[in-house]
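Q: If you scroll down you'll find the structure; I have some questions about it.
The values are calculated or read from the model by the stated rules, or taken from the named source; none is laboratory data. The structure presented is a predicted model; accordingly, all values stated were derived computationally and were not measured. As a convention, Cβ positions derive from the backbone with ideal geometry for all residues, glycine included, and neighbour counts pool all protein chains shown. Please note that ligands, DNA and RNA were not included when accessible areas were found on the heavy atoms of the full protein model with its side chains. Shrake-Rupley method; radii C 1.70, N 1.55, O 1.52, S 1.80 Å.
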Amino acid sequence: MSVDLIRIVSRDSPMALAQVERVRAELAELHPGTRTEVVPVKTTGDKWMGDLSAVEGKGAFTKEVDAALLAGEADLAVHCVKDIPADRPLPAGTVFAAFLRRDDIRDALIHPGGLRLDELPPGTRIGTSSVRRSAQLAASHPHLLCVPMRGNANRRLEKLAAGEADALLLAASGLERIGRPDVITEILSPEVMCPPIGAGVLALQCREGDSDLIDAVSGLGDPAAHRETTAERMFLHVLQGHCNSPIAGYAQVERNGDMSLRAKVFTPDGKTVLKAHEWAGALDPATLGTSVAVALLRQGARELIDGIAH
């Protein structure tokens, strides 16, 4: 295919479209002569406001995007890595062409009264539908109450303003992307709120036969993000976690090239927390991901994950 024009498919949420604009800007810098077009699609996850596990939560935000790519309606898909299921392969005929430089992986607390997490009074209602967040809050702040809340970040901010919750937890990078860092009361360290696998990484996905396009966009890839994401996704793959599994973790490449992966698996009530943290040196990222998963399996992670309905 000619790469004079790249049709980019994405979810049609404001955040997803902001992510596409980042990709377009980076492409324009790398290949000034190439035109880009946006092909927005509405996904099951965006249309359905109930519990994601009820609509086969895996891939709820990706399958319509993948379908447009495979049907030839677009050439390049932009996904948040955290939305891409890791316990099964990518759709046949597609490949990752690049992982972009990683954004902030941390969660942000939004409290209209300006209180920090440790200052919230008992019974404060935190709006989140993330089992990862609610399990960790149950473990660290059992006096707080999680209330289910879905919808894109703008929608959740509206629900907060309408009094459906007293505070929100949202990804710091997402609030940056939609231009709303002003609402952040406190950015939580990964020790306080361990991030989801693939946090802050955008993946570019192409059809595997489009070698000219793959060559053209691979220059946007970030080597550290590639290593970290590979380790994290292998970790999740070995654990066979599903969308209702309270699994959290992140890999980090140090300046000298050494990499570590720390990860946790919780029961939804936060009463059981399994933890592992390993260093890899310059070890193959997939081996590190496998090793950390095995360390958690030795502690009983399989039974814990399988015991959660999904």
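Q: Figure the gain on full extension for Lys275 and Asp12 (residue separation times 0.36 nm, minus the Cα-Cα span) and round it to one decimal in nm. Please report the intermediate quantities before stating the final value.
A: Working: separation 263, 0.36 × 263 = 94.68 nm, distance 3.63 nm.
Extra length from Lys275 to Asp12 when fully extended: 91.1 nm.
Q: For region 225-293, what does the alpha-carbon gyration tensor say about shape, rounded, prolate or oblate, given a ≥ b ≥ c as the root eigenvalues, a/c under 1.5 as rounded, and a/b over b/c as prolate?
A: Values: a/c = 2.49, a/b = 1.89, b/c = 1.32.
Prolate shape, in that a/c is at least 1.5 and a/b is the bigger ratio.
Q: Let me ask something else about it. Would you mind telling me which residue in Leu261, Leu283, Leu76 has the biggest mean-square fluctuation in a Gaussian network model of the chain, where springs connect alpha carbons within a distance under 10 angstrom?
A: Its mean-square fluctuation being the largest, the pick is Leu283.
Q: Jot down the radius of gyration and Dmax of region 129-281, Cα atoms only, both in angstrom.
A: Final numbers for Rg and Dmax: 17.6, 55 Å.
Q: Let me ask you something else. Pull out the extension gain between Leu70 and Ala286, defined as 0.36 nm times the separation in residues minus the alpha carbon to alpha carbon distance; nm, one decimal. Could you put the intermediate results ahead of the total?
A: Working: separation 216, 0.36 × 216 = 77.76 nm, distance 2.70 nm.
Separation in residues times 0.36 nm, less the Cα-Cα distance, equals 75.1 nm.
Q: For a paramagnetic label modelled at 7 Å from the Cα of His143 toward its Cβ, which residues of region 251-279 fall within the zone defined by backbone nitrogen distances under 19 Å?
A: 270-271
Q: Quick check: residue separation of Glu164 and Gln299 times 0.36 nm, minus the Cα distance between them. What number comes out in nm?
A: Numbers: separation 135, 0.36 × 135 = 48.60 nm, distance 3.80 nm.
Taking Glu164 through Gln299 to full extension adds about 44.8 nm, to one decimal.
Q: Longer than 32 Å from Cα to Cα, which of Lys42/Lys271; Lys42/Lys159; Lys159/Lys275 are they? Say none if no pair is. If you can, show how the numbers build up before the last one.
A: Values: Lys42/Lys271 37 Å; Lys42/Lys159 21 Å; Lys159/Lys275 34 Å.
The pairs that break the limit, which is 32 Å between Cα atoms, are Lys42/Lys271; Lys159/Lys275.
Q: Note down the accessible area of Phe99, probe 1.4 Å, to the nearest 10 Å².
A: 10 Å²
Q: Please report the antiparallel percentage of the DSSP beta bridges confined to region 54-176, to the nearest 5. Let's see the in-between values first.
A: On the way: 4 of 9 bridges.
Looking only at bridges with both residues in region 54-176, the antiparallel portion is about 45 percent.
Q: Another question about this same structure. How many percent of the accessible area of region 230-279 is carbon or sulfur, using a 1.4 Å probe?
A: Values: 1030 of 2210 Å².
Reported share for carbon and sulfur atoms: 47 percent.
Q: Test of the criteria: in region 108-182, which GluC sites (Glu not before Pro) are in a DSSP loop and have at most 15 other Cβ atoms within 10 angstrom of their Cβ? Don't skip to the end; give the middle numbers.
A: Details: sites: Glu119, Glu158, Glu164, Glu176; in loops: Glu164.
Within region 108-182, the qualifying GluC sites (Glu not before Pro) (loop, at most 15 other Cβ atoms within 10 Å) are Glu164.
Q: How large is the convex hull of the Cα atoms of the chain per residue, expressed in Å³ as a whole number? Please list the in-between numbers first.
A: Values: hull volume 39.7 nm³, N = 310.
Hull volume normalised by residue count: 128 Å³.
Q: Using Cα atoms only, what is the angle between the long axis of helix 285-298 and the major principal axis of the chain, expressed in degrees (0 to 90) to the nearest 10?
A: Approximately 30 degrees, to the nearest ten.
Q: Sticking with this structure for a sec: Which residues make up the longest stretch of the chain that has no trypsin sites (Lys or Arg not before Pro) in a DSSP loop with at most 13 other Cβ atoms within 10 Å?
A: Details: sites that count: Lys42, Arg116, Arg255, Lys271.
Counting only loop sites that pass the neighbour cut-off, the longest clear stretch is 117-254.
Q: Further, regarding this structure: So how far apart, in nm, are the two label points at Asp306 and Ala28 if each is 7 Å from Cα heading toward Cβ?
A: 5.3 nm
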